[in-house]
Each structure stands twice: as C-alpha cells, then as structure tokens.
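Q: This is the structure I want to talk about, given as structure tokens.
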Amino acid sequence: MKKVGVLISGRGSNLQALIDAQARLGAYEIALVVSNVADAGGLARAEAAGIATRMIEHRAFGKDRERFERAIDAILRAAGIEIVALAGFMRVLTPYFVNAWRDKILNIHPSLLPAFPGRDTHARALEAGVKLHGCTVHLVREAVDDGPILGQAAIAVTPEDTPESLAARLLPVEHALYPLCLAAFAGGNVQPAAFPLALNFWVPAKPR
Ligand code: GAR
C-alpha cells in the first residue's frame, strides 16, 4: 500500500474520487492532502474522510516558488509520502520539485495530451473541431502538462457541445480514470479491461 499525498487548489472532486476508490482498489492510501488555497473545497472533503490536511499559502512566499515548494516537500517527506498526486493543483511546479519527486508525481489533465496542454482545454478543443476529447493521467515532467502518459479516456464531441457541457461530461470520466491509473502505478491489482472506456495503461519499467 503506497502512501499518497494529494496537492489541490480547489473543489477537489478528483481528490474525492481517489478517496472513494482507495478501499476498493487497495493499492494506495491517501495519507495527506495539501492545499495552497485556504478555502479549497477539497480540504473539507479530506477532513470528512479523516485525512490529515495542510494549507501552504503560496502567497506567503512571494515570488519565491522554490521556497514554497521546499515547504511542501518537507511536509510530504515528514508524512512518509511515496507518491504525489496533483488533483486540480493550479501552481506550475519548478524543476526543483519535479526532479525531487521524479517518477513519483502524477497529474490529471482535462485533454487528450499532447493536445491542449495548459488552460481552457474544453474551449480550445471545440475551436479546433476535434471529434474526440478526453483526459490524461501522466507523470509530471518539467514542461507544463508533459510527461509519460499512464492512462487516457475519451469522450465523443457533439455539434451541440459547449465548453461547459464538455467539462460536465468529462469530469465523471476523470473520476473513473484517475484512481485506476494511480492504483496501477502504485503497483495495485487493477483490471483496466473491465472499464467501459478506451483506456491505455503505460506503467513505467524505465521512465524517460
Ligand atoms: C479537473 O478537471 C482537472 O482535470 C483540472 O482541474 C480540474 C480540477 O477539478 N486540472 C487541470 O486543469 C490541471 N492542468 P477538481 O478540483 O474538482 O478535481
């Protein structure tokens, strides 16, 4: 059972999905939730589940992103965290943190990477006219929304879709994908074939 620390900035619905699936998947334990935003909804979700929480305001560190990350790193290590899962954590990580946790940080992103890294993914997908949209769980590398892909799930785009409708339809798919990817990565015994969406797992023997 791998000890996971989840970094959040907001409502924490993906955090909730990871919490809800942990007993069933039996491969990871969410041991700590760290937020950089004081009123992030995810903090209450963690507390309701009896999970330890910490708040590290990035603003308190001014422009010194690395000092902010060193504070997070110290908290994660003190808690014995083995894997870091980003779940709507809206700070770009510096090379210091990414390399300190290399091959141990996962992220979920609401697009089929490498298409549409960054923000406003749903609007940009519609603008590009893609017929398939989706989400990606990947290992974190220095470039934003880049790194070895662990899993993806796709949804069809309809002519009626808006950025809001795409986001609403994709969110439950994110919630299904992330726990499976985290469990597979943590070395758990998951059955991706049983999942109703096209999923592809890449578990790194020797990550790039
Ligand atoms: C999710 O849609 C996640 O994929 C996205 O933020 C949302 C967080 O929602 N992440 C990113 O855009 C990261 N680049 P949540 O707080 O309810 O999990």
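Values quoted throughout were computed directly from the atomic coordinates according to the rules given, and no laboratory measurement underlies them. Model, not experiment: these values are computed from the prediction. When we count neighbours, we look across all protein chains shown, and the Cβ atoms used for this are built from the backbone with ideal geometry, even at glycine.
Q: Among bridges DSSP assigns within the chain, what percent are antiparallel (round to 5)?
A: Antiparallel bridges: around 40 percent, rounded to the nearest 5.
Q: What residues have an amide H closer than 5 Å to that of LEU132, excluding those fewer than 5 places away on the same chain, when H is modeled at 1.01 Å from N in the peptide plane?
A: The answer is VAL157.
Q: Can you compute 3J(HN,Hα) from phi for each residue in region 29-45, using the Karplus curve 6.51 cos²θ - 1.76 cosθ + 1.60 with θ = phi - 60°, rounded to whole Hz and x for Gly and Pro?
A: 10, 6, 9, 7, 10, 10, 10, 9, 10, 4, 9, 4, x, x, 5, 5, 4
Q: Of the lysine pairs in the chain, how many meet both conditions: Cα atoms under 21 Å apart, and a spacing of 8 or more in sequence or different chains?
A: Values: LYS2/LYS104; LYS2/LYS206; LYS3/LYS104; LYS104/LYS206.
Here the count comes out as 4.
Q: Also: Pairing the Cα long axis of helix 13-25 with the longest principal axis of the chain, what angle in degrees results, from 0 to 90 and rounded to the nearest 10?
A: Its long axis makes an angle of about 90 degrees.
Q: Here's another thing I want to ask about it. Based on the Cβ-Cβ distance from ALA156 to ALA79, what FRET efficiency comes out when R0 is 41 Å, to the nearest 0.05? Please list the in-between numbers first.
A: Values: r = 41 Å, r/R0 = 1.00.
Once rounded, the FRET efficiency stands at 0.50.
Q: Past the 13 angstrom mark, what percentage of all C-alpha to C-alpha distances in region 105-159 do you count?
A: Numbers: 796 of 1485 pairs.
Here the long-distance tail beyond 13 Å is 54 percent of all Cα pairs in region 105-159.
Q: Give the shape of region 1-116 as rounded, prolate or oblate, defined through the alpha-carbon gyration tensor: a ≥ b ≥ c are the square roots of its eigenvalues, a/c under 1.5 means rounded, and otherwise the shape is prolate if a/b is larger than b/c and oblate if not.
A: Because its axes are fairly even, with a/c under 1.5, region 1-116 counts as rounded.
Q: Within region 65-96, find all residues whose amide N lies under 19 Å from a label point positioned 7 Å from the Cα of GLU164 along Cα-to-beta-carbon.
A: What the label zone holds, given the 19 Å backbone N cut-off, is no residue at all.
Q: If you don't mind, there's one more thing I want to ask. Going by Cα centres, region 143-177 and region 44-58 are how many Å apart?
A: That distance is 26 Å.
Q: Can I ask one more? Quick check on the chain: helices-only [θ] at 222 nm, where DSSP H runs of length 4 and up contribute -39,500 (n - 2.57) each and the sum goes over total residues. Nearest 500, please. Don't jump to the answer; show the numbers that get you there.
A: Working: 6 runs with 72 residues, N = 208.
Helix contribution divided over all residues of the chain: -10500 deg cm²/dmol.
Q: How about region 41-79: which trypsin sites (Lys or Arg not before Pro) there lie in a loop by DSSP and see at most 11 other Cβ atoms within 10 Å? Intermediate values should be presented prior to the final figure.
A: Working: sites: ARG45, ARG54, ARG59, LYS63, ARG65, ARG67, ARG70, ARG77; in loops: LYS63.
Those that pass, being in a loop and sparsely packed, are LYS63.
Q: Sticking with this structure for a sec: Going by amide H atoms built from the backbone, whose H comes under 5 Å of the H on THR53, apart from near neighbours?
A: Distant-sequence amide H within range of THR53: VAL33.
Q: Starting from 0.36 nm per residue, how many nanometres of slack lie between GLU47 and GLU66 once their C-alpha separation is accounted for?
A: Between GLU47 and GLU66, full extension yields 4.1 nm more.
Q: Next up: What ³J(HN,Hα) values, in whole Hz, does the Karplus curve 6.51 cos²θ - 1.76 cosθ + 1.60 give for region 164-180 when θ = phi - 60°, with x put for Gly and Pro?
A: Karplus values, whole Hz, x for Gly and Pro: 5, 5, 5, 4, 5, 6, 7, 4, x, 6, 4, 5, 7, 6, 4, x, 5.
Q: What is the dipole size for the chain, taken about its Cα centre, with +1 at each Lys and Arg Cβ and -1 at each Asp and Glu Cβ, in debye to the nearest 20? Before the final figure, lay out the partial values.
A: Values: 22 positive and 20 negative charges, 107 e Å.
Dipole size: approximately 520 debye.
Q: Under a GNM of the chain (C-alpha, springs under 10 Å), which listed residue has the highest mean-square fluctuation: LEU86, LEU25, LEU139?
A: The residue that fluctuates most here is LEU25.
Q: Moving to a separate point now. Output ³J(HN,Hα) for region 139-152: one whole-Hz value per residue in order, computed from phi by the Karplus curve 6.51 cos²θ - 1.76 cosθ + 1.60 with θ = phi - 60°, and x for Gly and Pro.
A: Running phi through 6.51 cos²θ - 1.76 cosθ + 1.60 with θ = phi - 60° gives 6, 8, 10, 5, 6, 5, 6, 10, x, x, 7, 8, x, 9 Hz.
Q: Okay, moving on. Using a Gaussian network for the chain with springs between C-alpha atoms less than 10 Å apart, which of these wobbles most: LEU126, LEU182, LEU18?
A: Among LEU126, LEU182, LEU18, the largest mean-square fluctuation in the Gaussian network model of the chain belongs to LEU126.
Q: Amide H of LYS2: which non-local residues (sequence gap of 5 or more, or other chain) have their own amide H closer than 5 Å, using H built in the peptide plane?
A: When sequence neighbours closer than 5 places are left aside, the close amide H contacts are TYR28, GLU29.
Q: Moving on. For the chain, modelled as a Gaussian network with Cα springs under 10 Å, which listed residue fluctuates most, VAL140, VAL84, VAL98?
A: VAL98
Q: Still on this structure: Taking the chain as the reference, fit the longest principal axis to its C-alpha atoms, fit the long axis of helix 65-78 to the helix C-alpha atoms, and give the angle between the two in degrees, 0 to 90, nearest 10.
A: Compared with the principal axis, the helix lies near 80 degrees.
Q: Sticking with this one: Within region 30-149, what percent of beta bridges assigned by DSSP are antiparallel, to the nearest 5?
A: 40
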